[in-house]
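K.L.:
To start, I am sharing the structure in question, which I have written as structure tokens.
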Amino acid sequence: MDYEAKLNRLNEIIAEISDLNAAGALLGWDQQVNMPAGGAEGRGYTLGTLGRLAHERFVSAEVGTLLDELEPYAAGLDPDSDTARTIKVLRRNYTKETKVPSEMVVEFAQTTTMAHGVWAKARHENDFASFQPMLEKLVDLRRRYAELFAPYTHVYDPLLDDFEPGLKTADVKQIFEALRPQQVELIKAIAGQPQVDASFLYQHYDEQKQWDFGVEVLTKIGYDWNRSRQDRAAHPFTTNFGNWDVRITTRFDQNYVGSALFSTLHEGGHAMYELGVDSKYNRTALAGGASLAVHESQSRMWENLVGRSLPFWEHFYPRLQEYFPEQLGNVPLESFYKGINRVEPSLIRVEADEATYNLHIMLRLEIEIALMEGKLAVKDLPEYWNARMQEYLGLTPPNDAKGVLQDVHWSGGMIGYFSTYALGNLVSGQFWEKINQDIPDLSEQIRQGKFEGLRGWLVEKVHQHGSKYEPQEMVQRVTGSKIDPAPYMRYLQDKYRKIYGLA
Ligand code: ZN
């Protein structure tokens with residue numbers, strides 16, 4: 001076979017794997033949206049089989065041989081060409097997936113399945129000790145996983161790389177160490193000012209009206225209903241099958257209007273990223289977003305930098321008042337804007353506001369790194385957690401359910417995931433500065449309800465490239481520098497200076 005035939009063969013295999021994964025994703029969506037509770041066991045078998053078929057297809061000797069044979073050819077191509085990038089991405093994934101012995105894959109799957117139940121019970125009963133042995137086992141499993149990729153610079157690197165290709169522990173540490181004191185200082189300054197009122201957000205808001213307003217907003221910002229849909233689910237998420245069909249889910253709280261609204265914008269941001277990927281990448285190794293952090297930069301941008309901005313509400317607030325005249329008819333725009341941006345240190349990450357959110361992440365990252373380094377024992381986690389919460393946010397959890405047990409991630413063995421949330425915030429700040437330089441009248445456009453300029457910029461600079469570039473590369477290409485906390489801090493300081501009247 002000549003190179004072209006080999007490349008075609010490789011792409012054909014990848015397309016088939018992509019089809020298997022799309023079928024699995026659709027079943028996963030169905031599981032959370034439609035499936036009756038009794039269907040869980042059967043669905044587990046089906047998803048397990050699809051996942052196994054996709055995995056076996058990928059780690060086959062044929063894929064290995066094709067990669068070996070195509071690498072010298074790819075080395076002669078432009079390193080930024082789609083083909084060179086495809087080979088690079090596939091080699092990286094192939095090395096990862098073939099290095100892990102199947103016994104470890106099975107052990108990990110069994111342990112996390114069991115750990116989830118143990119964690120849920122421990123959280124419910126506020127009993128860390130019952131989860132401790134499970135978490136010890138998971139930490140040990142993750143350390144053994146990291147060992148497979150030795151030599152590494154840091155034992156946490158291989159875990160981080162699963163979520164943020166190419167990113168190193170040293171990078172993340174450096175970013176967060178620069179960020180932390182500034183965040184702490186900002187929160188202290190805000191705490192010294194009179195609190196803003198947000199009580200009007202917590203009234204009865206009819207669910208159907210919330211749904212209708214959300215659809216109106218999504219339509220206006222450019223959500224393509226021909227290729228997407230929205231459904232209700234207990235936990236909001238986005239899923240997609242290529243860029244042909246991208247779906248979001250939303251959850252509604254009839255006693256708080258902010259819940260569905262901002263989560264719809266958040267998931268809408270994820271969805272618009274996938275919708276904006278160039279169609280030529282469908283069913284290829286370069287489909288989908290660049291990484292979790294870059295994905296999160298898109299969702300957090302629509303949720304916060306756009307969706308909690310004054311220009312956005314100068315446009316949408318009169319409509320929201322029409323939907324809810326009793327609740328908001330007498331609340332001025334200025335008060336509403338301050339209310340949706342209220343800062344209040346809280347114990348729970350998922351409820352945290354923009355100013356405090358990153359500190360929740362830093363705490364988790366420090367713990368994960370210390371656990372992997374063996375400098376922190378699992379049994380000492382609650383004490384460590386509570387001390388850091390006090391230091392960063394001035395709060396001590398009344399119990400472990402509201403502290404170290406609150407998140408599902410560790411029970412799923414997802415060590416290395418958390419930092420992507422905070423990195424996403426930072427990247428959104430970097431993109432936002434650049435967008436505003438490139439589109440000087442962006443605020444005015446948003447005030448008029450015009451989002452084509454913003455969306456066009458995002459598609460051109462970020463979305464269309466799919467996962468062709470690694471996250472640091474992507475940010476560098478778009479903004480001229482790697483991931484950097486300074487723009488996000490400037491954004492926060494400017495925003496809260498006005499809202500809280502800081503000096
Ligand atoms: Zn998200």
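K.L.:
Rg and Dmax in Å for the chain, alpha carbons only: what are they?
P.N.:
Using the Cα atoms of the chain, the pair Rg, Dmax is 23.1, 74 Å.
K.L.:
While we're looking at this one, here's another question. Principal axes first, then extents: for the Cα atoms of the stretch 441-490, list largest minus smallest coordinate on each axis, whole Å, largest first.
P.N.:
Taking max minus min along each principal axis of the Cα atoms, the stretch 441-490 gives 35, 28, 12 Å.
K.L.:
Cα centroids of the stretch 147-184 and the stretch 197-240: how far apart, whole angstrom?
P.N.:
35
K.L.:
Might you report the magnitude of the Cβ-based charge dipole of the chain about its Cα centre, with Lys and Arg at +1 and Asp and Glu at -1, to the nearest 20 debye?
P.N.:
Dipole magnitude for the chain comes out near 480 debye.
K.L.:
For the stretch 116-160, how big is the tail of P(r) above 12 Å, as a whole percent of Cα pairs?
P.N.:
Pairs farther apart than 12 Å: 64 percent.
K.L.:
Going toward the positive end of the dipole of the chain, with +1 on Lys and Arg Cβ and -1 on Asp and Glu Cβ, which of L492, F431, N240 do you reach last?
P.N.:
Looking along the dipole axis, the top candidate is L492.
K.L.:
Related question: Gap in Å between the Cα centre of the stretch 66-124 and the Cα centre of the stretch 258-337?
P.N.:
Result: 31 Å between the Cα centres.
K.L.:
Please list log₁₀ I(q)/I(0) at q = 0.10, 0.11, 0.17 Å⁻¹ for the stretch 183-331, using the Debye equation with identical point scatterers on the alpha-carbon positions.
P.N.:
With one equal scatterer per Cα and no solvent, log10 I(q)/I(0) is -0.41, -0.49, -1.01.
K.L.:
Take the cross-link list K99/K375; K280/K461; K338/K402; K96/K280; K280/K468; K137/K173 and give me the ones stretching past 23 Å between alpha-carbons.
P.N.:
Where the Cα-Cα span goes over 23 Å, the pairs concerned are K99/K375; K338/K402; K96/K280; K137/K173.
K.L.:
Now a separate question. What percentages make up the Cα-Cα pair-distance distribution of the stretch 271-426 when the bins are 5 Å wide from 0?
P.N.:
2, 8, 13, 15, 14, 13, 12, 11, 7, 3, 1, 0
K.L.:
While we're here: Between V118 and L395, what FRET efficiency comes out of the Förster formula 1/(1 + (r/R0)^6) with R0 = 35 Å and r the beta carbon distance, rounded to 0.05?
P.N.:
That pair, L395 with V118, gives E of 0.85.
K.L.:
Using amide H atoms built in the peptide plane, which far-off residues or other-chain residues are under 5 Å from S228 H to H?
P.N.:
Close amide H contacts, sequence-distant or interchain: V246.
K.L.:
Would you mind checking the tilt of helix 128-147 against the longest principal axis of the Cα atoms of the chain, expressed as 0 to 90 degrees and rounded to 10?
P.N.:
It works out to around 50 degrees.
K.L.:
Using only the alpha carbon atoms of the stretch 359-420, find the Kirkwood hydrodynamic radius as the inverse mean reciprocal pair distance, in angstroms to one decimal.
P.N.:
11.9
K.L.:
Excluding residues fewer than 8 places away in the same chain, name every one of the aspartates and glutamates whose C-alpha is closer than 13 Å to that of K220.
P.N.:
D212, E452
K.L.:
What relative contact order, as a whole-number percentage, does the stretch 305-435 give when Cα pairs under 8 Å and 6 or more residues apart are counted?
P.N.:
22
K.L.:
Give the share of C-alpha pairs in each 10 angstrom bin for the stretch 255-355, from 0 to the last occupied bin, in whole percents, shortest bins first.
P.N.:
All Cα pairs, binned at 10 Å, distribute as 13, 38, 28, 15, 5, 0 percent.
K.L.:
Give me D for the stretch 1-86 in µm² s⁻¹, whole number, from Stokes-Einstein with Rh from the Kirkwood sum over alpha-carbon pairs, 10 °C and 1.306 mPa s.
P.N.:
106
K.L.:
Follow-up question, since we're still on this one. Using a Förster distance of 41 angstrom, determine the FRET efficiency expected from the C-beta separation of S81 and T49, and round it to 0.05.
P.N.:
With a Förster radius of 41 Å, E is 0.70.
K.L.:
Per the Kirkwood treatment, what hydrodynamic radius in Å, one decimal, follows for the stretch 354-503 from the mean inverse distance over all distinct Cα pairs?
P.N.:
Mean inverse Cα-Cα distance, inverted, gives 18.0 Å.
K.L.:
Would you calculate the convex hull of the Cα atoms in the stretch 109-195 and tell me its volume per residue in Å³?
P.N.:
160
K.L.:
Okay, moving on. Would you work out the charge dipole size for the stretch 424-464 about its Cα centre, treating the Cβ of every Lys and Arg as +1 and the Cβ of every Asp and Glu as -1, and quote it to the nearest 20 debye?
P.N.:
With only Lys, Arg, Asp and Glu charged at Cβ, the dipole is about 120 debye.
K.L.:
Place +1 on the Cβ of every Lys and Arg and -1 on the Cβ of every Asp and Glu in the chain, take the dipole about the Cα centre, and give the residue among P345, A15, L148 whose Cα lies farthest towards its positive end.
P.N.:
The Cα lying farthest towards the positive end belongs to P345.
K.L.:
Cα axis of helix 40-58 to longest principal axis of the chain: angle in degrees, 0 to 90, nearest 10?
P.N.:
Once rounded, the angle reads 50 degrees.
K.L.:
If the reach is capped at under 15 angstrom between alpha carbons, list the aspartates and glutamates near K482, excluding any in the same chain fewer than eight residues apart.
P.N.:
Counting by Cα, and skipping residues close in sequence, K482 has these aspartates and glutamates nearby: E164, D171, E433, E470, E473.
K.L.:
Along each of its three principal axes, how wide is the spread of alpha-carbon positions in the stretch 191-255, in whole angstrom units, largest first?
P.N.:
Cα spread of the stretch 191-255 along its principal axes, largest to smallest: 49, 28, 25 Å.
K.L.:
Rounding to the nearest 20 debye, state how big the charge dipole of the stretch 81-167 is about its Cα centre with +1 on each Lys and Arg Cβ and -1 on each Asp and Glu Cβ.
P.N.:
For this selection, approximately 240 debye.
K.L.:
If every alpha-carbon in the stretch 49-143 counts as one equal scatterer, what log10 I(q)/I(0) does Debye give at q = 0.11, 0.15, 0.25 1/Å?
P.N.:
Results for the stretch 49-143 at q = 0.11, 0.15, 0.25 Å⁻¹ read -0.53, -0.74, -1.20.
K.L.:
Something else: If r is the Cβ-Cβ distance from Q254 to T65 and R0 is 51 Å, what FRET efficiency results, to the nearest 0.05?
P.N.:
The value I calculate is 0.30.
K.L.:
So if the hydrodynamic radius of the stretch 227-306 is defined as the Kirkwood radius over C-alpha pairs, what does Stokes-Einstein give as its diffusion coefficient at 25 °C and 0.890 mPa s, in µm² per second?
P.N.:
In µm²/s, the coefficient is 190.
K.L.:
Treat the stretch 304-380 as a sphere of radius equal to its Kirkwood radius over Cα pairs and apply Stokes-Einstein at 10 °C in a medium of 1.306 mPa s; give the translational diffusion coefficient in µm²/s, rounded to a whole number.
P.N.:
Here the translational diffusion coefficient equals 104 µm²/s.
A short reminder: the numbers here are calculations on the coordinates, not readings from a lab. Being a predicted model, the structure only gives us computed values, none of them experimental. When we count neighbours, we look across all protein chains shown, and the Cβ atoms used for this are built from the backbone with ideal geometry, even at glycine.
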